[in-house]
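Let me begin by presenting the structure, written as structure tokens, before commenting on it.
The values are calculated or read from the model by the stated rules, or taken from the named source; none is laboratory data. Not measured: the values here are computed from a predicted model. Ligands, DNA and RNA are stripped out before the accessible areas are found, and what is left, the full protein with its side chains, is counted by its heavy atoms. Shrake-Rupley method; radii C 1.70, N 1.55, O 1.52, S 1.80 Å.
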Amino acid sequence: MGNFKKYIVLWVSQSISQLGSSMTAFALILWTYEQTGSALSVSLMSFCNYVPYILISIFVGVFVDSHRKKAVMLVSDSIAALASLFILAFATTGTLSAGHIYAFNAVAGTTTAFQQPASSVAIARIVPKNKLANVSGMNSFSGNLTVVFSPMLAAVLFSAGGLPLILLFDLLSFAAAFCVLLFLIHIPEQIIREKFTSPFAGIMAGFHFLKNETGILHIMLTMAVINFFSRLTYENILSPMILARSSGNNVVLGIVNACMGIGGIIGGLLVSVKKESRKKANMIYISAAVSFLLGDLTMAVGRNVFFWSFAAFAASLPIPFITAEQNVILYKKIPEKIQGRVFAVRNAVQYSTIPFGILLGGYLADYIFEPFMRSDTGIVSFLEILVGNGAGSGMAVMFLCTGVCGFAMSILSLRSKKIQKLNDC
């Protein structure tokens, strides 16, 4: 079996495992909200996942480069599965609490910090160079397919057997993926044993590479800003805004979320079959600009399910192109022996803004924008022409702001000479 065919087997098994993990995450949200009735408790679940992931990502690159990638992936996934087993034990004995779930999310974030850079390096070792963009498209396809179907499947299983049934499915899907990786996949290894005087010395080796490759550093920094704008609204503002503007219609919210997943699926399919782009850096920021322009701005001014669904679709379809082109640039520019630490630094830099966007978005919606749109300030009348009035109009203004700011950031990034040089890699 050729390497790419073996990767397809790995991709299928990992995708099923990802479905199980996503179903568990959704079920834990349902359980936590049932128990607490607090939206903040749900936001804290995401926060507990992202913060350890970002902090540990800073240090994990050297570890990944100096150890077998397959072993890192197997151990990371096993620890995450063990955490799921503990949650299952607490759930079946009736002792599960929100605190246990926060701890579980922290463990999941920690293991992901190791697993992701190891997986990224492993892909480069398994997959032919000319298939890297296609692989990124395949991953986007499976990820968005999970977004569409995991809530539906989780809701069905949650109603049928509660949280324990979903956790059992998660553990079985993990076992299948574990066996495929352990017995069927061979990852060519290039172990780099380097002695560093401190953990920070290894980190600085990754940053030293970025100091010389300033174009890649500029991409990471600009993507951190773009991630902040996107998480400010879509991560935790979209659902309450749609519910507020549709009189609490869950069906409308389900349609909008499904359209977002479908957009990502189609985008992933397009990336997986398209030829390699000639202007990779341009494709990153043009795709981001289209996402903000057609996604956020249409979401802001839309008043019904048709416009919201189009906006969700348009926002998510370009995302796989952003991910694919960035990954191809990184794989081609970063020497194999330091890929682990540079990917880890990338994760820490690009995703560092996400938890702040999540927390700030909720605060701005509840305490700034919604009260502002109920005030008698002069500019409110003008904004009402654009986004309408009533409940949810403040959150619509937030989408207006992120649409304008995200589009402007994307276009300005295109003007960077350092980034433009990466078009020819």
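Hey, can you list the DSSP H helices of the chain whose Cα span along the axis is 20 Å or longer and whose average Kyte-Doolittle score is at least 0.0? Write down the numbers at each step before the final one.
Details: long enough: 3-36 (48 Å, 0.35); 39-65 (39 Å, 1.69); 69-93 (36 Å, 1.43); 98-126 (40 Å, 0.56); 132-184 (40 Å, 1.68); 199-212 (21 Å, 0.66); 214-233 (30 Å, 1.29); 250-273 (35 Å, 1.93); 319-333 (22 Å, 0.28); 393-414 (32 Å, 1.81).
Helices meeting the criterion: 3-36, 39-65, 69-93, 98-126, 132-184, 199-212, 214-233, 250-273, 319-333, 393-414.
If you bin every alpha carbon distance in the stretch 39-90 into 5 Å steps from zero, what whole percent lands in each bin?
For the stretch 39-90, the pair-distance distribution reads 4, 15, 14, 24, 21, 12, 6, 2, 0.
Just give me a number: lysine pairs in the stretch 272-425, eight or more positions apart or cross-chain, with C-alpha atoms less than 17 Å apart.
Close lysine pairs found across the stretch 272-425: 16.
Taking every pair of Cα atoms in the chain, average 1/r, invert it to obtain the Kirkwood radius, and report Rg/Rh to two decimals.
0.96
Taking only the Cα atoms of the stretch 1-149, how large is their convex hull per residue, in Å³?
Measuring per residue, one finds 123 Å³ for the Cα hull of the stretch 1-149.
At 1.4 Å probe radius, can you tell me the per residue accessible area of the chain in Å²?
In whole numbers, the chain has 44 Å² accessible per residue.
For n ≥ 4 DSSP H runs only, could you compute -39500 (n - 2.57) per run for the chain, divide by its residues and tell me the 222 nm figure to the nearest 500?
-27000 deg cm²/dmol
For F382 and S41, compute 0.36 nm times the residue count separating them, minus their Cα-Cα distance, and round to one decimal in nm.
So the chain would gain 119.2 nm between F382 and S41.
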